[in-house]
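A.B. asks: I have a structure I would like to understand better, so I am pasting it below and will then ask my questions one at a time.
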Amino acid sequence: MSARVNLMGDQLAGKAMKGINTASMAVINSGLLPKTTIDLVLLRASQINGCGYCTDIHSKDLAHAGEGAARVNLVAVWRETTVFSDEERAALELAEQGTRIADAAGGVPDEVWANAAKYYNEEQMVALTCLIALINASNRLGVIAAVQGGDYTPGQFG
């Protein structure tokens, strides 16, 4: 299967993707969140959305950064594991709820937000919120265009 459109080669898509990437990098480079937490959140949202391209990127980035295979492989079932900290679990739950807002009447439950707010201050909660929204936008572009995963090499974008 090949991509339906070349998002990287299309002028309009390129501009839109550059905007999403610029916003994402502002959050990632803010220093507000641990890099591992960022990558775990990006991977979990990408898994939920079925974005092979982004799942490929974020799983490989975690491994390249030194995360063990157990943690990378268990992100999809984080609730049933002991390998994630309470802070990471709160971020993963927020990522899941923020990604599945169409499935839950009323959006992200207050208790999910409150749990995350126990571990992250207001600026960090803003960073998590932006990160989750931006990866969902990226995932939707990838899924709709049927961009395939598997060829990513860590570091190839920068």
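The values are calculated or read from the model by the stated rules, or taken from the named source; none is laboratory data. For clarity, every value in this text was computed on a predicted model and none was experimentally measured. A quick note on method: Cβ atoms are made from the backbone with ideal geometry, for glycine too, and the neighbour counts reach across all protein chains shown.
A.B. asks: Which residue is surrounded by the most Cβ atoms within 10 Å (Cβ to Cβ), if the candidates are limited to segment 10-30 and must be among the polar types (S, T, N, Q) and modelled with pLDDT under 95?
C.D. replies: From segment 10-30, those among the polar types (S, T, N, Q) are 11, 21-22, 24, 29-30; that's our starting set.
Then keep just the ones that are modelled with pLDDT under 95; that gives 11, 21.
Working: 11: 7, 21: 14.
Residue satisfying both the conditions and the ranking: 21.
A.B. asks: Any idea which of 127, 116 is over 17 Å from residue 51 (Cβ atoms) and either under 15 Å from the mean Cα position of the chain (by Cα) or outside any helix (DSSP H, G or I) (or both)? If you could, list the steps in order and put the result at the bottom.
C.D. replies: Numbers: 116 fails: either under 15 Å from the mean Cα position of the chain (by Cα) or outside any helix (DSSP H, G or I) (or both).
Result of the check over 127, 116: 127.
A.B. asks: Follow-up question, since we're still on this one. Of all residues in segment 51-65 being of a type in the set (A, V, I, L, M) and under 14 Å from the mean Cα position of the chain (by Cα), which is nearest to residue 146 (Cα to Cα)?
C.D. replies: 57
A.B. asks: Moving on to the next point. Determine whether segment 138-153 contains at least one residue that is in contact (Cβ under 8 Å) with a residue 60 or more places away in the chain, among the polar types (S, T, N, Q), within 19 Å of residue 28 (Cβ to Cβ) and assigned to a helix (DSSP H, G or I).
C.D. replies: For segment 138-153, residues in contact (Cβ under 8 Å) with a residue 60 or more places away in the chain, among the polar types (S, T, N, Q), within 19 Å of residue 28 (Cβ to Cβ) and assigned to a helix (DSSP H, G or I): present.
A.B. asks: Can you name the number of the only condition in (1) closer than 19 Å to residue 23 by Cα; (2) in contact (Cβ under 8 Å) with a residue 60 or more places away in the chain that residue 52 fails?
C.D. replies: Going through (1) closer than 19 Å to residue 23 by Cα; (2) in contact (Cβ under 8 Å) with a residue 60 or more places away in the chain one by one, residue 52 breaks only (1).
A.B. asks: Is it the case, given these coordinates, that residue 106 is among the small types (Gly, Ala, Ser), modelled with pLDDT under 95 and either closer than 17 Å to residue 38 by Cβ or crowded, with 21+ Cβ neighbours inside 10 Å (or both)? Write out each step before concluding.
C.D. replies: Details: among the small types (Gly, Ala, Ser): yes; modelled with pLDDT under 95: yes; either closer than 17 Å to residue 38 by Cβ or crowded, with 21+ Cβ neighbours inside 10 Å (or both): no.
Considered against the rule, which asks whether it is among the small types (Gly, Ala, Ser), modelled with pLDDT under 95 and either closer than 17 Å to residue 38 by Cβ or crowded, with 21+ Cβ neighbours inside 10 Å (or both), residue 106 comes out as no.
A.B. asks: Follow-up question, since we're still on this one. In segment 66-113, what residues are part of a helix (DSSP H, G or I), β-branched (Val, Ile, Thr) and under 17 Å from the mean Cα position of the chain (by Cα)?
C.D. replies: The initial filter retains those residues of segment 66-113 that are part of a helix (DSSP H, G or I), namely 69-80, 86-99, 101-103, 110-113.
Narrowing the set further to residues that are β-branched (Val, Ile, Thr) leaves 72, 75, 77, 99, 101, 112.
The answer is 72, 75, 77, 99, 101.
A.B. asks: If you don't mind, another one. Kindly evaluate residue 39 against the criterion of being under 19 Å from residue 140 (Cα atoms), in a helix (DSSP H, G or I), under 13 Å from the mean Cα position of the chain (by Cα) and touching a residue at least 60 places away in the same chain (Cβ under 8 Å).
C.D. replies: On the way: under 19 Å from residue 140 (Cα atoms): yes; in a helix (DSSP H, G or I): yes; under 13 Å from the mean Cα position of the chain (by Cα): yes; touching a residue at least 60 places away in the same chain (Cβ under 8 Å): no.
Against the criterion (under 19 Å from residue 140 (Cα atoms), in a helix (DSSP H, G or I), under 13 Å from the mean Cα position of the chain (by Cα) and touching a residue at least 60 places away in the same chain (Cβ under 8 Å)), residue 39 does not qualify.
A.B. asks: Counting just the residues of segment 31-76 that are in contact with a His (Cβ under 7 Å, 6 or more places away or on another chain) and under 17 Å from residue 87 (Cβ atoms), which one comes out surrounded by the fewest Cβ atoms within 10 Å (Cβ to Cβ)?
C.D. replies: The initial filter retains those residues of segment 31-76 that are in contact with a His (Cβ under 7 Å, 6 or more places away or on another chain), namely 39, 42-43, 46.
Filter once more, so that each one left must be under 17 Å from residue 87 (Cβ atoms): 39, 42-43.
Working: 39: 24, 42: 27, 43: 26.
Only one residue fits best here, namely 39.
A.B. asks: Next question, about the same structure. Could you tell me whether segment 15-26 includes any residue that is farther than 16 Å from residue 141 by Cα, small (Gly, Ala, Ser) and in contact with a Ser or Thr (Cβ under 9 Å, 6 or more places away or on another chain)? Give the derivation first.
C.D. replies: Of the residues in segment 15-26, the ones farther than 16 Å from residue 141 by Cα are 25-26.
Still in the list and also small (Gly, Ala, Ser): 26.
Add one more test, that the residue is in contact with a Ser or Thr (Cβ under 9 Å, 6 or more places away or on another chain), and what stays is none.
Checking segment 15-26: not a single residue is farther than 16 Å from residue 141 by Cα, small (Gly, Ala, Ser) and in contact with a Ser or Thr (Cβ under 9 Å, 6 or more places away or on another chain).
A.B. asks: Kindly indicate whether residue 86 is in contact with a Pro (Cβ under 9 Å, 6 or more places away or on another chain) and either at pLDDT below 95 or on the phi < 0 side of the Ramachandran plot (or both).
C.D. replies: Values: in contact with a Pro (Cβ under 9 Å, 6 or more places away or on another chain): no; either at pLDDT below 95 or on the phi < 0 side of the Ramachandran plot (or both): yes.
Taking the combined requirement at face value, the residue does not satisfy it.
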